[in-house]
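Structure, as structure tokens:
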Amino acid sequence: ARIGDLAARFRTASDQLDTIQSGVALDLRTAVKSVNTLTQQIAGLNRQIANVTGTGHAPNDLLDQRDKAINDLSQFIQVTTIAADDGTTSVFMSGGQKLVLGGNATTLTAVADAYDPAKVQLGITESGVTRAFPPGFVTGGSIAGLLQFQNTDIAEARNLLGQMAAAISGQLNQQQALGLDLGIPPGSGQPLLSVGTAAVKPSGTNAQVAGVPVASYVNGSGVRVPSVALSIVDSNALQASDYELFADPALPAGTYSLTRLADGTSRSVVNGDIVDGFRIDIVAPPPASRDRFLLQPVATAAAQIQRVLDDPKGIAAASPISATFAAANAGTATLASLRATSAALNPNLTASITFTDNVGGYSWSLVDTTGVVATTTGTGTWSAGQPIQLNGWDLNLAGVPRSGDAIGVQKTAFPAGDNGNANALLGLRDIAFIGRQTAGGVVTRPGQTATDAYASALASVGVRVQSAKLSADQSASIAADAQAEQTSKSGVNLDEEAARLIQFQQSYQAAAKMLQVAQSLFDTMLQLTR
């Protein structure tokens, strides 16, 4: 039941990310419509301003309307303006892309992402042709923020979640397979969980012939699939990232460029290469030159994770091997744990370990109880905190052995009463296995425990939220300063206007007094002529 709860929580978290993605896509489409409305309005005002300016008048009201429209537009997207001699103002976005040129407006378009139709990217439509902007082209404004959140933050959260789901399920299934269940006779444990398969998404810009992607084939189920396939070979080495595979024409035939999008690390790969825990297989017909594929080893893992073992008797709680300590042992060594670690473990091999000194030296032998395999012997040195590893198992000791102490490891006689593998499953909480990295067969980063990986994911999300809040506060402050600067130069100063009103009032009163004096003089002159 708890395994089912774990799977349900992963799926719920994935569903929440999908809901957020749908909301962002809707916000982007709404923002694009608002931008197009504003650019059309600016273009229309430009035409009116040009007409009025040509008659020698100053279209002050129209100028104010256009300034407000440009200000509203800048909230959605960062723009620059260039004034023309005819009174019109052209508006451009980053990279010099025109939005308004004189009395004409360019239409922005919300286009589907080349890899994922659920995502929205920004593009333009000119002469009936729609083209998407390259990544990072849009800077500033709410649209840039939405694109950054969609393309980076949601993608990272999805991969962090998928990495944990894939690694945890893979490690649980691996340990489960090393134990014995309550079947008759006891058998190896069946998988507890299944996760979503690694996904390959071809770019919508890849080469096609008659509407059919060149780098694809029809599989045994009659479904056309990409010629690039992924398979997970080591769930512990999976990284929280998507990858882009590019058929770079500068590389030799059969060699492709692979970029880990989380950090931009690039390398070349060929068919069959194993990278970060997954294998890349390329079948005929191979990708055409400049074809691109988005590889997602973990992105779908959490969305499709589910419990696959329903029978409680199928839980492999028993260990295939057990340890015994000689009654005459003089040291304090006791069993801390005995854990099966490899599918190559042969439970028919009985191990005898005898300590030859008081500093950890020991000799060992492996004997096949069936008499098929000859005795195998060797020596080793034990140190505190380090397991003794033989025949696909790890033996950890508590205490200190003495010279002459003996330990035996043999096939478990009564699996129904053994909980060795259940303890090993419980011990996975303290093993660092998520995100392990290796180079040349050497572990360069041991990875994280499940608890640490969860805390790290929360911290990563928290840092991004805090950074976004800080950036928003800084942008608001900069915008307020810019608005104040603009107002000081082109706006109305209320104190100055009040002083001018008093000045005009006094001038009006003085003029009225002059009229009164003139009227009095005129009346006096009329009286003198009577």
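The slack in the chain from residue 414 to residue 72, taken as 0.36 nm per residue of separation less the alpha-carbon distance, amounts to 115.4 nm. The gain in end-to-end length when the residue 233 to residue 208 segment is fully stretched comes to 5.9 nm, 0.36 nm per residue minus the alpha carbon separation. Were the residues from residue 521 through residue 335 laid out at 0.36 nm apart, the gain over their Cα-Cα distance would be 54.3 nm. Think of a 1.4 Å ball rolled over the protein heavy atoms: the chain then has 55 Å² of accessible area per residue.
Note on the chain: Rg/Rh from Cα positions, Kirkwood definition for Rh, rounded to two decimals, is 1.25. The order of the peptides 352-365, 96-109 by mean Cβ neighbours within 10 Å, most packed first, is 96-109, 352-365.
Remark: the Cα gyration tensor places region 397-472 in the prolate category, a/c being 1.5 or greater and a/b exceeding b/c. Our summary gives region 16-129 a relative contact order of 27 percent, counting only alpha carbon pairs under 8 angstrom and 6 or more residues apart. Ordering 182, 476, 252 by Cα displacement along the dipole of the chain toward the positive end leaves 182 in first place; charges were set at the Cβ atoms of Lys, Arg (+1) and Asp, Glu (-1). Annotation for residue 127 and residue 356: the two label points, set 7 Å from Cα along the Cα-Cβ direction, are 8.5 nm apart. Straight-line reach from residue 513: taking Cα to Cα under 20 Å and skipping same-chain neighbours fewer than 8 places apart, the aspartates and glutamates in range are 523.
In this label model, residue 406 and residue 177 are separated by 3.6 nm, measuring between points 7 Å along each Cα→Cβ vector. Sorting 452-458, 387-393 by average packing, meaning the other beta carbons within 10 Å per residue, from highest down gives 387-393, 452-458. Across region 176-303, C-alpha contacts under 8 Å between residues 6 or more apart give a mean separation that, scaled by the residue count, equals a relative contact order of 33 percent. The mean sequence distance of close C-alpha pairs (under 8 Å, at least 6 residues apart), as a share of the length of the chain, puts its relative contact order at 13 percent. Here residue 33 is the anchor, and the lysines within straight C-alpha reach of less than 21 Å, apart from those fewer than 8 places off in the same chain, are 68, 98, 119. The protection proxy used here, the mean number of other Cβ atoms lying within 10 Å of each residue, ranks peptides 65-77, 422-434, 34-46 as follows, highest first: 34-46, 65-77, 422-434.
The values are calculated or read from the model by the stated rules, or taken from the named source; none is laboratory data. These figures come from a predicted structure and were not determined experimentally. Positions of Cβ are generated from backbone atoms using ideal geometry, with glycine treated the same way; all protein chains shown enter the neighbour counts. For the accessible areas, the whole protein counts, side chains as well, though only heavy atoms, and no ligand, DNA or RNA atoms are used. Shrake-Rupley method; radii C 1.70, N 1.55, O 1.52, S 1.80 Å.
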